[in-house]
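Enquirer: Sharing a structure below in structure tokens format, with a few things to ask.
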Amino acid sequence: MSDLTELGVTAIRDGVAAGDFSAREVAQAFNAAIAAAQPALNAFITPTPDHALAAAERIDADRAAGRPLGRLAGVPIGMKDLFCTQGVRTTAASHILGHFVPPYESTVSGRLWDAGAGMLGKLNLDEFAMGSSNETSAFGKVISPWRRGHNQDPAPIAPGGSSGGSSAAVAARLCPAATGTDTGGSIRQPAAFTGIAGIKPGYGRCSRWGIVAFASSLDQAGAMARDVRDCAVLLEAMAGHDPKDATSLDAPVPGWTAALDADLSGCTIGIPREYRMDGMDAEVAKSWELGIAWLKDAGARVIDISLPHTHYALPAYYIIAPAEASSNLARYDGVRYGLRDLPEGAGLQDMYAATRAAGFGAEVRRRIMIGTYVLSAGFYDAYFTRAQKLRTLIARDFTQAFASCDAILAPTTPTAAFALGEKSDDPLAMYLNDVFSVPASLAGLPAMSVPAGLNGEGLPLGLQVIGRPLDEQGVLNAALAIEQRAGFVARPARWWA
Ligand code: GLN
């Protein structure tokens, strides 16, 4: 086998099971790729080569002894550094958790290890998953493996955020798959920016237990991989009811992989009128048209639909998410977790202030200030209550649309990836990136981004499928139909090693 890092999840699992190569060889190949790329891409905060090797050796021993192998046996993956991993530093890309070593394992990561996966490392992200470019990490930006000018222009490109380490690592073949979390687009947007697939399941599918909280009513874990099938395989291992998370869905996990089917006969796809925004990037509009044609070719009927409150999704999200974040992040007080800054002779209040000022970066502080403002006594009804009402209307738009269609097709992002620094001084421009991804988050719906092609500069464009509640299968199937027709084989030139 020439280069094992070329293989995806399914190919690795099947190859290990068949004895074509050992799990140890796979882990070694990815460990070496990470070591070579880390100085240039900074996709990982904490590489964990020993964890990957130890897991691989257990699988090789199981196979040699004829013991049954799990569905991810021998597959090493990247873990977004928002999932608590027992005994392995978990930072949320924040200085305030820079030395936090959890004494427990998140439910999702634990399930992945139980399925036979190993951990290549903890992946970089925006601080506390707040961002769209992976520039807010206290551990440095992640550089996308992609470059403009068909790989010729050396200006560093954003890998998307907040799961920018995950997207960069999968696109650069530093891991066959990675976990992500998506609060308002953080799986789908970085997947679109880097030419990979990423699925956010419906709210409640994956347990949030042991995931560092950002906005609890929106946060969902999901899968990022090079193709739709590998996303389905990973997600199946991650999902499922967890008594430790009261919002986790008490429903069986369907066999999504076994039921993958790109024949969309009898299926109706809705095209939301309100997503055709003024000034939409012409190449994004063109890829959307192509997507419509591909879905028709797969047998689907395509209709126009209306989601009339789309316009309010972004403002509602940027009230609700910071409000919940300001509450969740109150726990970082210098007493219970991580960093403590205790100036000489300081009192308790001074310690809180000093710790939080030293521990949180600018974007996190901005969100805490917005959040506490919209929750404050005088403004609660004017902002938070109204945003909650809008959230209800946005969710109702989807319910009404799903009376006439089975899934919705839209672009994932309004543009292809931007250059690092291009939007970092303008938070509103950064937030606008999420315009197509936050509606599904507010409504708690499953949604997926799948690569659709390259723009004129050679950067990937993604298409998004949004599904009915509990219909991850419909999302995966429509995404598969797109994937088969898009024939996306482009990849970043390996300039980093
Ligand atoms: N970009 C969005 C934000 O900054 C979404 C982040 C996310 O999904 N975690 O809030």
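Enquirer: Just to confirm the filter: which trypsin sites (Lys or Arg not before Pro) across segment 220-286 are DSSP coil and have at most 14 other Cβ within 10 angstrom of their Cβ? Let's see the in-between values first.
Expert: Details: sites: R226, R229, K244, R273, R276, K286; in loops: R226, K244, R276.
Taking segment 220-286 and a limit of 14 other Cβ atoms within 10 Å, the loop trypsin sites (Lys or Arg not before Pro) found are K244, R276.
Enquirer: Using only the alpha carbons, work out the radius of gyration and Dmax of segment 5-69 in angstrom.
Expert: Values for segment 5-69 (Cα only, Rg and Dmax): 12.9, 41 Å.
Enquirer: In a shell of Cβ-Cβ distance under 11 Å around A11, excluding A11 itself, what net charge do Lys and Arg (+1) and Asp and Glu (-1) give? If you can, show how the numbers build up before the last one.
Expert: On the way: positive: R13, R226, R229; negative: E6, D14, D20, D227, D230.
Its environment carries a net charge of -2.
Enquirer: Can you tell me how segment 245-386 classifies by the Cα gyration tensor, rounded, prolate or oblate, using a/c under 1.5 as the rounded cut? Mind dumping the intermediate values first?
Expert: Working: a/c = 2.86, a/b = 2.12, b/c = 1.35.
Prolate, because a/c is 1.5 or more and a/b exceeds b/c.
Enquirer: Measure out, as a whole number of angstrom, how far apart the alpha-carbon centroids of segment 458-497 and segment 292-324 sit.
Expert: Comparing the Cα centres of segment 458-497 and segment 292-324, I get a distance of 17 Å.
Enquirer: Largest first, please: the extent of the C-alpha atoms of the chain along each principal axis, to the nearest Å.
Expert: So the three principal-axis extents are 64, 53, 49 Å.
Enquirer: Here is a further query. Per residue and in Å³, how big is the convex hull formed by the alpha-carbon atoms of segment 295-451? Could the numbers behind the result be given before it?
Expert: Working: hull volume 24.7 nm³, N = 157.
Convex hull volume per residue, Cα atoms: 157 Å³.
Enquirer: Check which residues have an amide H placed less than 5 Å from K80's amide H, if you skip close sequence neighbours.
Expert: L123, T179
Enquirer: Sequence-distant or interchain residues sharing an amide H contact under 5 Å with S207, placed H: which?
Expert: G240
Enquirer: Now a separate question. Given the -39500 (n - 2.57) contribution per DSSP H run of 4+ residues, what per-residue ellipticity at 222 nm results for the chain, rounded to the nearest 500 deg cm²/dmol? The partial results should precede the final answer.
Expert: Values: 16 runs with 184 residues, N = 497.
Result for the chain: -11500 deg cm²/dmol, rounded to the nearest 500.
Enquirer: Ok, one more. Apply the Karplus curve 6.51 cos²θ - 1.76 cosθ + 1.60, θ = phi - 60°, to the phi angles in segment 447-463 and return the couplings in whole Hz, x for Gly and Pro.
Expert: My calculation for segment 447-463 gives 8, 9, 10, 9, x, 10, x, 10, 8, x, 8, x, 9, x, 10, x, 10 Hz in order.
Enquirer: For K200, give me every one of the lysines with a C-alpha distance below 20 angstrom, ignoring sequence neighbours fewer than eight places off in its own chain.
Expert: The qualifying lysines are K80, K122.
Enquirer: Next up: Summing Lys, Arg as +1 and Asp, Glu as -1, what charge do residues with Cβ under 13 Å from the Cβ of E236 carry, E236 excluded?
Expert: Charge balance near E236 sits at +2.
Enquirer: Let me ask something additional. For V450, what is the net charge nearby, where nearby means another residue's Cβ is under 14 Å from its Cβ and Lys, Arg count +1, Asp, Glu -1? Before the final figure, lay out the partial values.
Expert: Details: positive: R188, K200, R226, R229, R485; negative: D227, D230, E472, E483.
Net local charge, V450 excluded: +1.
Any read-out appearing in this document is the output of simple, stated calculations on the displayed coordinates, not a laboratory observation. Please read all numbers here as calculations on a predicted model, not as lab measurements. Here the Cβ is made from the backbone with ideal geometry for all residues, glycine too, and neighbour counts use every protein chain on show.
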